[in-house]
1. Which of the residues spanning the range 36-62 are over 21 Å from Q131 (Cβ atoms) and either loosely packed, with under 15 Cβ neighbours inside 10 Å or at pLDDT 95 or above (or both)?
2. Within the range 111-156, can you find the residues that are of a type in the set (A, V, I, L, M, F, W, C), at pLDDT below 95, over 18 Å from A226 (Cα atoms) and not in a strand (DSSP E or B)?
3. Kindly indicate the residue of the range 452-488 that is modelled with pLDDT under 80 and among the charged types (D, E, K, R) and also farthest from T394 (Cα to Cα) among those meeting that condition.
4. Given (1) closer than 22 Å to Q357 by Cβ; (2) in contact with a Gly (Cβ under 9 Å, 6 or more places away or on another chain); (3) modelled with pLDDT under 60, identify the lone condition not met by N305.
5. Please state which of the following conditions I175 fails to meet, knowing it meets all the rest: (1) buried (at least 20 other Cβ atoms within 10 Å of the Cβ); (2) at pLDDT 85 or above; (3) in contact with a Ser or Thr (Cβ under 8 Å, 6 or more places away or on another chain).
6. Taking into account only those residues within the range 159-180 that are touching a Leu at 6+ places or on another chain (Cβ under 7 Å) and in a loop (DSSP other than H, G, I, E, B), which is farthest from H126 (Cα to Cα)?
Amino acid sequence: MSTTLLQVEEGISKIALLMENVNILNEKIANLPNVIIPSMPYVIMNADKTGAIDATDAIINATNQAVANKTYMVLFPTGNYLVRPDRMVVPEGVEWISFGNAVLFTKETALYNIIVSMRTGSRITHLTFDQRQDSAMTPQPGAASPKGLFIIHMPNLNDATVQDCTFYSRGVCTIIIQQQFTGLGYNINILRNKIRWQRKIETEFDATMIFADVITGRIAHNDIKAEKTSVTNGWKFETGIEAHSPDLLVEDNHIDGCVNGILPTAWPGLYPAFDDLYRGSLRILNNVLLNCVRGISYWGAPINNTNTVARNALIQGNYINLKLEKRPKTSYYYPAEGIGLEDHSGSTATFAFKNIQIRSNRIETTYETGLNARALMDYGPSPAPQVGAFNMQTKYPCENIDISDNDIDFPLPIFNLKAIGSAVHKNIRAYDNRLWNPAIYHAYLSNGFDGVYNLENLNGLVASNNTIYGTPIEVVQKGVNVSNVSGV
């Protein structure tokens, strides 16, 4: 059967009428308060979208309706939503998701704890959170640095996700994940988020963009930048990602401007129950860390007297750029540490680190205009163990550490491998690395020395096929109480 031109025209007019009716229906739905549409798996919110009226209660009501009607999804249309902190929870199994560009912002004058808390199985997707209008993060001169001030809090939960969100943060933690009980902290995913953190504090301030007590999960593809608006007289403490986990993937994150790019830690609150039973692997892979003082600074156990051992970690394929920047009082922030293994408190533990592989990373240093290695010889860091392209100065022994196939362009000690006191490191291997332009000089003569190889209390060191390119100021090979050393 053939179709006439008149029939085609009639069909087109009917389609146009149908679309007009759909648009009218959508407008009516948008003006209804929190209407449940049974055929659609979300709640449509009618909260104020201009930011003029507090939307907190409307968001809470919509979330409660999503649970009651078993739709379990709250849709945020494009708009600016003024919210009050310490009130909103994403319940178990519920997802908050933006349709378009939905911004939740706070405008607080008093300190608060959190903006949103999450529960097991919950998700937050495509939302923007903005603290920039808060004055709560601006204490008076001389006041103590504020604590609290989290945007998203994920306490005691499993199977939770924050992904594709944007954060404009001024608090202590943008996303904080905390586990207090055994059996929690599994499958936590922080993926593809953008975090911009502004310093608005004139005193020392300890801030972490992503703080994770996690057993398993992924922190991947996040874009993190610290945008400082002031310079403090004291040391900076900002950290891009602080990961307390025996089995976590930290991959393909871009971190710029934080003192610590990535700070993994063998946290006693998570490790004891799993130290001898759970055989996971911490993997820090293919991250880009720019303008850091310490690139990847692994705080190993023992943190407390728990006999915890940091082990089974792979640090591979990361690009680390450390930057010298000016400080007051004619001093500088040093590019102290490219990749470090450190213990930070006393214990009776047998080992600090075991079975760690550090391979195929690149570590570089950027100087401010007019600065170079020789010009900085009068600005040596104060005595401290956190110095070196690869730094492993621990009070407790380390065993089975491989450092291989890395490219290093770094002025301070390249291999700073020291067991302190009576400790002895065993089976340490540094091989097939490429060292570019090492500018070796003595920065703290009173308690140590600098060198391409700065060795102390080692039994079984293999340092072979490490090639130096360029002409260093000085090449130093130092060793104290070392045995069975080959290749140096």
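1. Across the range 36-62, the qualifying residues are I37, P38, S39, M40, P41.
2. Result: L111, A136, A143, A144.
3. Among those residues, the one meeting the criterion is E474.
4. Evaluating N305 over (1) closer than 22 Å to Q357 by Cβ; (2) in contact with a Gly (Cβ under 9 Å, 6 or more places away or on another chain); (3) modelled with pLDDT under 60 leaves (1) as the failure.
5. (3)
6. Ranking the candidates gives Q179 first.
The values are calculated or read from the model by the stated rules, or taken from the named source; none is laboratory data. In this text the structure is predicted, and so the values were computed from the model without any measurement. Heads up, the Cβs are rebuilt from the backbone with ideal geometry, glycines too, and the neighbour counts pull from every protein chain shown.
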